[in-house]
Amino acid sequence: MLQRLLPPEAEPGALDGVVLRRFMLLQNLRTEAAAASASQVVAAMARFPGPFPDGEAFDIKLAIKVAVEEAMLVFARSMKIVDDLRLTIVRNRSGTPFMTSDDPAVLTNRWYLQNPRARGLSFSLRQAGLILLMPLSPTTVALLHDPDVYAIGHRRGVVWFDDDAEAEALNAHQILNCAANLYFHDWETRDRVAASVVASLPARLVQRHRTTYAVRGEEVGEHVRYDVQPFEEITFEQRRDVLIHTEVLRPQPGRWPAFLNYRRGGQVYSNGSHTGFVRRGCLEAGFVEGTGYRRIRL
């Protein structure tokens, strides 16, 4: 398995970094929580005629199974998409251990969540400012970040801290991202864990997805206009011609670790389209379609 995750040209010393990056991506894609999230697209389509043969109902368990299989295909085709991200091992010497969850490999993006230029845009694996973090133990977190956007003061790829607030900031991502379960190492810390959960609850999203429906409207020349409409107001006749847009909603944590800073002279890339802001590494590796991308200073 390890050899399959390595590019053919990789040196033996690159084993740990490359495999860990790709394992974190695999973990982000493969959990039941991630599959349930992906199945929401099918669930939205199931409300209309057409997606399933007559008499066949939507089955959430089958949808999750199919989503897991499709996620593994996505991983096989695009595992190199995280190779340009910089890996930092975060070591915790504070009195607050790291926790983990049923969806531990958290995909987030501080720049997208904070920068006005990205307002209204969603982010995925190819976007500039990407962060992927995953606890490895109560004292260790693996963190991937876009090196063109962030700077981390590390020593040989390792960051140490002894501040409880730093551990709380990283634990908040598990609380905000988990589907239903959190896991922690020491039962004696349960009150501290409970307090952390309560503190993070205001930022935890009740709905993880937003689905927008647009029904066929008037024809304008060679074009057809579709009008956004609540599902409850869509008539039976209209349901055979509806556009469905489902987007993932991302929580905004209350604070970020102090060691994660914006890079002076940082850069993102955009061609002004709804693709948004992408990473240089994804452009060079062919993970981004379209032309006209130009460098934009932060």
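The values are calculated or read from the model by the stated rules, or taken from the named source; none is laboratory data. Note that the coordinates shown come from a computational prediction; the quantities given were computed from them, not determined experimentally. FYI the Cβ positions are ideal-geometry reconstructions off the backbone, even for glycines, and counts take in every protein chain you see. Surface accessibility is based on the protein's heavy atoms, side chains included, excluding ligands, DNA and RNA. Shrake-Rupley method; radii C 1.70, N 1.55, O 1.52, S 1.80 Å.
Side notes on the structure shown:
- A195 modelled with pLDDT under 95 and outside any loop (DSSP other than H, G, I, E, B): yes
- In the range 236-251, of all residues being touching a helix residue (DSSP H, G or I) at 6+ places or on another chain (Cβ under 6 Å) and at pLDDT 80 or above, the one that is surrounded by the fewest Cβ atoms within 10 Å (Cβ to Cβ) corresponds to I244.
- Within the range 206-220, if we keep just the residues that are open to solvent by less than 70 Å² (accessible area, probe 1.4 Å) and either part of a loop (DSSP other than H, G, I, E, B) or not aromatic (F, W, Y) (or both), the residue that is farthest from R239 (Cα to Cα) turns out to be R208.
- The range 102-115, subset part of a strand (DSSP E or B) and open to solvent by less than 10 Å² (accessible area, probe 1.4 Å), residue farthest from F23 (Cα to Cα): T108
- Scanning the range 70-94 for residues that are of a type outside the set (A, V, I, L, M, F, W, C) and open to solvent by 10 Å² or more (accessible area, probe 1.4 Å) gives E70, R77, S78, K80, D83, D84, R86, R91, N92, R93, S94.
- For the range 176-226, a residue qualifies if it is closer than 18 Å to G254 by Cα and touching a Lys or Arg at 6+ places or on another chain (Cβ under 7 Å), and exactly one does: L176.
- Near pairs, Cβ below 8 angstrom, 6+ apart or cross-chain, from the range 211-235 (among the basic types (K, R)) to any residue that is loosely packed, with under 10 Cβ neighbours inside 10 Å: R225/E218; R225/E219
- Residue check, A179 hydrophobic (A, V, I, L, M, F, W, C) and open to solvent by 20 Å² or more (accessible area, probe 1.4 Å): yes
Residue-wise test of (1) at pLDDT 90 or above; (2) open to solvent by 40 Å² or more (accessible area, probe 1.4 Å); (3) assigned to a helix (DSSP H, G or I).
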| position | (1), (2), (3) |
| --- | --- |
| T96 | yes, no, no |
| R117 | yes, yes, yes |
| G120 | no, yes, no |
| F123 | yes, no, no |
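- The strands (runs of 3 or more DSSP E) found entirely in the range 252-298 that carry 2 or more residues being open to solvent by 30 Å² or more (accessible area, probe 1.4 Å) are 260-262, 294-297.
- The residues of the range 127-147 that are buried (at least 21 other Cβ atoms within 10 Å of the Cβ) and outside any strand (DSSP E or B), listed by number, are A128, G129, L130, D146.
- Single residue of the range 187-205 satisfying the filter (without any contact (Cβ under 8 Å) to a residue 40 or more places away in the chain and of a type in the set (D, E, K, R)) that is farthest from F236 (Cα to Cα): E188
- Checking each residue of the range 187-207 against the condition of being touching a Phe, Trp or Tyr at 6+ places or on another chain (Cβ under 9 Å) and under 29 Å from A128 (Cα atoms) gives no match.
- A199 being open to solvent by 50 Å² or more (accessible area, probe 1.4 Å) and of a type in the set (G, A, S): yes
- Index of the failed condition, L298 passing every other in (1) over 30 Å from R155 (Cα atoms); (2) modelled with pLDDT under 90: (1)
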